[in-house]
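The values are calculated or read from the model by the stated rules, or taken from the named source; none is laboratory data. Source: prediction; values computed, not measured. Methodologically, a virtual Cβ is constructed for each residue, glycine included, from the backbone with ideal geometry; neighbour enumeration extends over all protein chains shown. Note: areas computed on protein heavy atoms with side chains; ligands, DNA, RNA excluded. Shrake-Rupley method; radii C 1.70, N 1.55, O 1.52, S 1.80 Å.
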Amino acid sequence: MTGRSFTGTLRALMLGAALAVSAAAPLALEAQETPNDAQAAQTVSRADIIRLLGRLHEDGAVRADLTRLGFAGEKLELATRHAADMLRDPIIAGYVADRVLAVRDGTAVPVGRAQGLLWGVIDRGLGHLPLRDLRYYYLVEQAVLGGMPEQTCGRAVRGDLTPDQMAEATARAAARLNTEGLRNYYRIQLRAAQLGAQRGPRVLPPERAARAEAAIFGVVTRTIAAREDAARMMGSFANLDRASARDACRAGQVFIEAVLTLEGQELNDALIQLSTP
């Protein structure tokens, strides 16, 4: 199995982790659909959508959903406020509105199809973060993965979870982060979303991307070789789809742990490469 193919699997996992921002927001958007989505889409303006996004948190649905997912006390307040900050930010809301109104095959996209845009814009901006913040983001992602039940973690790494299942699993794990860690994580998510809306995804030049892939493959290979269960771990990487949940989960954890041992420019480029959609 090549470093690139496993990187692709990890990217699917990382995209799901962004859903911890607020799993309820897309559901609230979905509820705005009418029986005639195409007609409704034509009559909704950019300003209308931005106003709608800014009001989604007001009915208590986001707070209720976060509570159900395990947020409580100060962390519930942080998560609820973060959801509101994301939805009310003019840069992010404008990005979502533009995508809702984008023309595809001559038909405007219905408001309800905005599901996922809030999550994706974070992903688009990660590569623009300074190394300190990007590294911290992936450290939290590592903690989120480690906080999942083993069966869920393994299914996540194998790509067996639906987007909704991934959203719930990662949100539940994020709810167990410490308060300061959650605060910093949300700060970084908000900044990444703004950068993603303004600049789009960052893509390394081909030569740097190739070096980053080689660094990732090299450090993961060395990490596996130093383990007592190297043969079993290598087998999990080579046949991830067939690995048990336990082995797949551990493979994902080892992958992130290994990459985060890189330093300086190598680490910077490796994390940008992992952050490229």
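Leaving out ligands, DNA and RNA, what percent of the accessible area of the stretch 139-277 is carbon and sulfur, probe 1.4 Å?
Values: 3270 of 6460 Å².
Carbon with sulfur: 51 percent of the solvent-accessible area.
Run through all the Cα pairs of the stretch 178-229 and give the fraction in each 5 Å bin from 0, expressed as whole percent.
Going from the shortest bin to the longest, the percentages are 4, 16, 11, 11, 13, 19, 17, 7, 2, 0.
Full extension from ARG232 to ARG55: what is 0.36 nm times the residue separation minus their Cα-Cα distance, to one decimal in nm? Spell out each step's value before the answer.
On the way: separation 177, 0.36 × 177 = 63.72 nm, distance 5.08 nm.
Fully extending the segment from ARG232 to ARG55 adds 58.6 nm.
Describe numerically, in nm with one decimal, the distance between label points set 7 Å from Cα along Cα→Cβ at ASP164 and at ALA64.
Once both label points are built, they end up 1.6 nm from each other.
Taking the Cα centre as origin and putting +1 on Lys and Arg beta-carbons and -1 on Asp and Glu beta-carbons, what dipole magnitude results for the stretch 151-192, to the nearest 20 debye?
Numbers: 7 positive and 4 negative charges, 36 e Å.
That gives a dipole near 180 debye.
Residues in the stretch 79-94 near a label at ARG46, defined as backbone nitrogen under 16 Å from the 7 Å Cα→Cβ point?
Only 89-94 fall inside the zone, counting backbone N under 16 Å.
Mind listing the long-range amide H neighbours of LEU129? Cut-off is under 5 Å, sequence gap 5 or more, other chains count too, H placed in the peptide plane at 1.01 Å from N.
none
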